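Comments concern the structure below.
The values are calculated or read from the model by the stated rules, or taken from the named source; none is laboratory data. None of the values given here were measured: they were computed from a predicted structure. Positions of Cβ are backbone-derived with ideal geometry, glycine not excepted, and every protein chain shown enters the neighbour counts.
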Amino acid sequence: MLSRQLSRRRFIGQGSIGILALTIGTRTARSQQAPPAVADLITRQITPFNAEPPLPKLIENWITPVNSFFVRSHGTVPSLDAKELTLTVDGLVERSLTFRLAELLERFPAATTTATITCAGNRRAEFAAIKKVGGVQWDAGAIGNAEWQGVRLVDVLKLAGIKSGARHVWFEGQDEVTEKDNKFPFGGSIPLEKALDESLTGASLLATRMNGKPLTPDHGFPLRTIVPGFIGARSVKWLNRITVADRPSPNHFVADVYKVVPEENAELIAKTTPIYEFMLNSAICVPAAGATVAGHSLNVKGFALTNGTKGRKVQQIDVSADGGMTWKAAKVTSPVRDFCWVLWTADVPVTATTSSLLVRATDSSGEVQPEKCPWNYKGYQFNGWHKINVKQS
Ligand code: MTE
């Protein structure tokens, strides 16, 4: 039986596939006390470093440049040498595997996927209108769309051979998270069928590159998972272990955190399914909240995304400048791809009484973004209509 203590000792030293020399460079350590100056991001927490771009900056490009890609870390940013990194695959597999990073990249076909990563806590600050929740107070910028390169998780799992009874795939990072005097690495897990997706857009990746360059330390250098369509917490940074198991990972960030619950109740949390997919969502990014409007028409821009179900598309995006009495359909200005956000623009009529702007999205299954998002204790998956207040000149 797999337990919280399980894997590390049990599988170390078991059969491994040969080790090759490395070609990827090393990184320089960053002091945890000195957060990086990232010009395009608003710091929400210094240690651990958590930051998001201002919303107008966020939607300048469909592919988010690394400098304006949000950073969400729960613990240290480990100082890793790519030459030393090993990835172990163990648990309910026919053969445990250990790879050096260069070997992983040589052994499996290179794969690229474009996918939007969004934190389950994105837009958390908006819960405050009902009742403030704890945690990083994200505006709507804890989201970004990037081109990720690496190898497909499914190829690695196939080589290891999945044993019967396997249902979930666990990931473990090399950071150190401190919770109530306990120190442990961040972990995630995904259902096996998601891990075995072979499609071009849906395949989960073991990624080493982001937008054509090696991952930066904040984004998981040298290796992370990318799970298209799932909340960012399942895309584990600084990866060094994959464990196939019969149940979701017992790691704190699967067992206790990233669950939608009405209160801090251990029994209820234990019974609640972890969040996997994100939610149908949209936000206004231009103009910025508090902007002054004048004239009869206003150009409004933003992003929208489906809930992460394969094949779903954003069908319609509606913008209102009169509190939802009338709506103007927005035009999509970006590529439309599975697991990626779309960017949109709309010219909406404004009057001398316009005091706010609203947006809501509808997907190809007919689901409409709800006007209000029910409150939850940990502040996840906020997806009510996005509203920004504006001023008259
Ligand atoms: N992986 C590790 N090892 N540690 C973390 O704290 N944060 C997760 C995920 N992977 C995290 C992690 C969360 S909650 C999110 S939203 C994404 O990383 C954010 O990825 P980014 O920082 O590259 O934007």
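General observations
- Lone qualifier among Gly188, Gly150 - being in contact (Cβ under 8 Å) with a residue 24 or more places away in the chain and within 23 Å of Pro274 (Cα to Cα): Gly188
- Qualifying residues in segment 67-80 (those that are under 15 Å from the mean Cα position of the chain (by Cα) and within 9 Å of the ligand (Cβ to nearest atom)) - the one surrounded by the fewest Cβ atoms within 10 Å (Cβ to Cβ): His74
- Scanning segment 336-357 for residues that are surrounded by 21 or more Cβ atoms within 10 Å (Cβ to Cβ) and farther than 24 Å from Thr64 by Cβ turns up just one, Val348.
- Qualifying position, being touching a Cys at 6+ places or on another chain (Cβ under 7 Å), of a type in the set (S, T, N, Q) and touching a residue at least 60 places away in the same chain (Cβ under 8 Å), among Thr88, Thr116, Thr98: Thr116
- Selection status of Thr333, of a type in the set (S, T, N, Q), out of contact with any Cys (no Cβ under 7 Å at 6 or more places or on another chain), surrounded by fewer than 14 Cβ atoms within 10 Å (Cβ to Cβ) and at pLDDT 95 or above: yes
- Within segment 92-136, the only residue that satisfies the criterion of being under 30 Å from Tyr377 (Cβ atoms), aliphatic (A, V, I, L, M), touching a helix residue (DSSP H, G or I) at 6+ places or on another chain (Cβ under 7 Å) and not in a loop (DSSP other than H, G, I, E, B) is Ile117.
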